[in-house]
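Worksheet for the structure shown next.
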Number of protein chains: 2
Amino acid sequence: MTAAAVPGIVDKARGGDPRSVGRLVSLVEDESPLLPEVMRALAPHAGRAHVVGITGSPGVGKSTSTNALIGELRRRGHRVAVLAVDPSSPFSGGALLGDRIRMGDHVLDPGVFIRSMAARGHLGGLAWTTPQALRVLDAAGFDVVLVETVGVGQSEVEIAGQADTTIVLLAPGMGDGIQAAKAGILEIGDLYVVNKSDRDGADKVRRDLRSMLGLAERRDEAWRPPVLKTTASSGQGVEDVVDAIEEHRSWLETSGELRRRRVRRARDEIETIALTALRRRWGSVGSGDRLDELAEAVVSGATDAHTAADELLA
Amino acid sequence: MTAAAVPGIVDKARGGDPRSVGRLVSLVEDESPLLPEVMRALAPHAGRAHVVGITGSPGVGKSTSTNALIGELRRRGHRVAVLAVDPSSPFSGGALLGDRIRMGDHVLDPGVFIRSMAARGHLGGLAWTTPQALRVLDAAGFDVVLVETVGVGQSEVEIAGQADTTIVLLAPGMGDGIQAAKAGILEIGDLYVVNKSDRDGADKVRRDLRSMLGLAERRDEAWRPPVLKTTASSGQGVEDVVDAIEEHRSWLETSGELRRRRVRRARDEIETIALTALRRRWGSVGSGDRLDELAEAVVSGATDAHTAADELLA
């Protein structure tokens with residue numbers, strides 16, 4: 001794509017053309033030098049979509065739940081985008097698509113856009129890529145953007161930081177309460193959903209979670225996160241989840257928390273972009289590589305990392 | 001602690017005094033302003049310890065394996081430190097000690113130092129804290145430092161990046177091969193250990209893993225990671241693991257890979273410290289907060305994050 005093509009593609013993407021939306025997400029994924037221009041063009045049109053993060057350990061039924069949520073959101077007339085971020089991609093070099101296939105119910109629905117995205121991490125990784133991809137989907141006019149990580153555990157908390165509403169999924173038999181507490185999920189969920197609730201132990205998971213939530217130090221006191229039950233494979237309980245998302249959205253707006261969260265996210269995003277620009281500069285100063293020289297000196301014990309960092313900044 | 005006390009405590013820590021070692025790790029954990037001085041004093045004395053990262057999903061037996069490894073390393077005459085990093089601590093405000101208690105076999109052994117550490121993330125999180133804590137343990141004369149994350153999944157890959165030798169633990173019944181591939185573990189392990197090998201399915205896990213490793217693109221071609229079997233609770237197979245650690249160490253040294261990995265790590269460490277210093281500066285420029293102002297402008301659509309980042313750097 002050339003710089004001259006940007007305005008046309010941005011216009012089409014704003015009109016909801018899936019191919020143009022996909023191309024803009026690819027620009028984010030590929031860390032294209034055109035991005036500053038794209039983001040400048042999108043800036044006035046973003047801020048409408050409600051971003052819902054979906055987190056949970058492998059096996060809790062994330063993809064099935066996402067699929068069910070799409071269905072219910074569609075029934076309520078919303079246009080829905082799904083962004084599945086694959087943070088293992090620094091290593092594998094591409095998103096694994098298996099999970100996407102399980103969302104196949106909605107492949108032919110023009111009101112649904114589903115996209116896997118690698119977060120290769122050459123630049124700022126997840127923190128660099130995700131907000132920009134979300135801004136593309138937002139400016140493209142989707143009412144709800146569901147964002148989840150593909151793969152095991154990593155970066156769940158980071159993804160939660162990108163969402164307006166974070167849903168934490170659990171399931172019976174996926175590890176005890178202490179595991180949950182360790183993962184930090186008691187602090188990040190706006191909604192908790194015990195999926196596979198037709199299985200033994202679902203009520204116990206729900207009970208344990210409720211009592212742990214009662215003890216946890218929450219980032220906000222005014223919203224008490226509900227603990228719901230679903231069987232996503234049959235759709236059981238999914239309406240209640242969408243109701244709860246809408247309630248949370250209302251609360252975010254009336255309390256001013258929506259704005260606060262978005263300012264915090266924009267802050268992180270600006271910082272990540274600025275720091276990334278600096279790292280690029282440091283990686284290639286003059287003919288040699290200053291950072292490598294300093295690193296050699298640290299390894300040999302000639303200096304220490306703090307002194308080296310001071311020199312780098314000087 | 002005062003700046004005047006630093007040299008004395010560093011000397012005692014270098015002599016192996018556990019209380020002094022613990023105090024220095026606490027300085028790292030607390031992001032003390034004394035750290036630059038401490039690190040300067042330690043720099044000439046680090047670089048001897050072999051850092052072994054232990055990763056694996058919850059339930060594979062990480063703590064039991066660590067406990068068994070300590071035992072075998074002690075039998076071979078090594079002084080051993082264990083650093084258990086708790087990346088969930090940005091939220092919980094402290095390390096969970098349950099796992100440590102399971103390593104209780106070695107609590108009274110003066111040749112073993114075990115320490116949990118929060119990675120609160122006010123500064124650079126795990127990437128800021130871990131290398132500095134490892135340098136303390138290294139300079140304190142431990143021959144082997146075992147480093148592992150406490151809690152679920154997150155940052156396993158990051159911890160692997162800090163180690164000379166990374167052990168990836170698996171166990172039967174912990175999820176299929178695709179899960180493993182997704183987590184990126186095929187690329188990070190120097191040694192793979194199927195623990196709980198007395199259980200059904202251990203041989204299948206081992207076979208699957210071997211065939212996936214055969215297909216994976218590895219960061220280095222010269223080292224073929226072995227896939228071993230243990231039953232850590234009985235000690236079965238643990239000698240072989242320590243043999244493999246020693247073989248890997250020899251390979252790292254003769255191939256030059258040890259130096260390369262350490263330079264890469266020092267590079268990351270310097271960069272993290274430098275970027276953290278910048279972030280601190282940005283957080284409090286003048287009387288207002290420039291970053292907050294820019295974030296407000298991004299949220300309202302008046303500007304975009306790239307333009308805001310340029311302004312921040314200007």
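The values are calculated or read from the model by the stated rules, or taken from the named source; none is laboratory data. Owing to the predicted nature of the structure, the values given are computational and were not obtained by experimental measurement. Virtual Cβ from ideal backbone geometry, glycine too; neighbours counted across all protein chains shown.
For the reader, a short list of remarks on this structure follows.
- The residue pairs whose first member lies in the range B:27-38 and is free of Cβ contacts under 8 Å to residues at least 40 places away in the same chain and away from chain A (no Cβ under 12 Å), whose second member is assigned to a helix (DSSP H, G or I) and of a type outside the set (D, E, K, R), and whose beta carbons are closer than 8 Å, counting only pairs six or more residues apart or on different chains, are B:27/B:35; B:27/B:38.
Conditions tested, residue by residue: (1) of a type in the set (Gly, Ala, Ser); (2) in contact with a His (Cβ under 8 Å, 6 or more places away or on another chain); (3) over 22 Å from residue B:304 (Cα atoms).
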position: A:234; (1), (2), (3): yes, no, yes
position: A:239; (1), (2), (3): no, no, yes
position: A:245; (1), (2), (3): no, yes, yes
position: A:252; (1), (2), (3): no, no, yes
position: A:259; (1), (2), (3): no, no, no
position: A:268; (1), (2), (3): no, no, no
position: A:271; (1), (2), (3): no, no, no
position: A:300; (1), (2), (3): yes, no, yes
position: A:309; (1), (2), (3): yes, no, yes
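- Qualifying residue in the range A:96-109 (condition: in the same structural domain as residue A:238 (by TED's automatic domain parsing) and either at pLDDT 75 or above or under 22 Å from residue A:257 (Cβ atoms) (or both)): yes
- If the condition is being in a helix (DSSP H, G or I), modelled with pLDDT under 85 and more than 9 Å from every other protein chain (Cβ to nearest Cβ), then the range B:283-305 contributes only B:290.
Quick grid of which residues meet (1) modelled with pLDDT of 90 or more; (2) more than 12 Å from chain B (Cβ to nearest Cβ):
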site	(1), (2)
A:181	no, no
A:188	no, no
A:199	yes, yes
A:204	no, yes
A:207	no, yes
A:215	no, no
A:226	yes, yes
A:230	yes, yes
A:234	yes, yes
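- All told, residue B:46 falls short of being closer than 30 Å to residue B:5 by Cβ, buried (at least 16 other Cβ atoms within 10 Å of the Cβ), over 20 Å from the mean Cα position of the chain (by Cα) and within 14 Å of chain A (Cβ to nearest Cβ).
- Every test in (1) more than 8 Å from chain A (Cβ to nearest Cβ); (2) surrounded by 14 or more Cβ atoms within 10 Å (Cβ to Cβ) is passed by residue B:264 save one, and that test is (1).
- Per the conditions (1) closer than 30 Å to residue B:267 by Cα; (2) at pLDDT 85 or above; (3) of a type in the set (D, E, K, R), the sole criterion not satisfied by residue A:280 is (2).
- Residue B:308 passes every criterion in (1) assigned to a loop (DSSP other than H, G, I, E, B); (2) facing chain A (nearest Cβ under 7 Å); (3) not basic (Lys, Arg) apart from (1).
- Screening the range A:1-65 for helices (runs of 4 or more DSSP H) wholly inside it with 1 or more residues that are farther than 26 Å from residue A:109 by Cα returns the ranges A:6-14, A:35-42.
- Any hit, the range B:55-76, residues being under 28 Å from residue B:8 (Cα atoms), at pLDDT 90 or above and more than 12 Å from every other protein chain (Cβ to nearest Cβ): no
- Looking across the range B:1-42, the residues that are within 21 Å of the chain's Cα centre (by Cα) and either of a type in the set (Val, Ile, Thr) or assigned by TED's automatic domain parsing to the domain that holds residue B:280 (or both) come down to B:21, B:25, B:28, B:38.
- Condition met for residue B:84 (modelled with pLDDT of 85 or more and within 12 Å of chain A (Cβ to nearest Cβ)): yes
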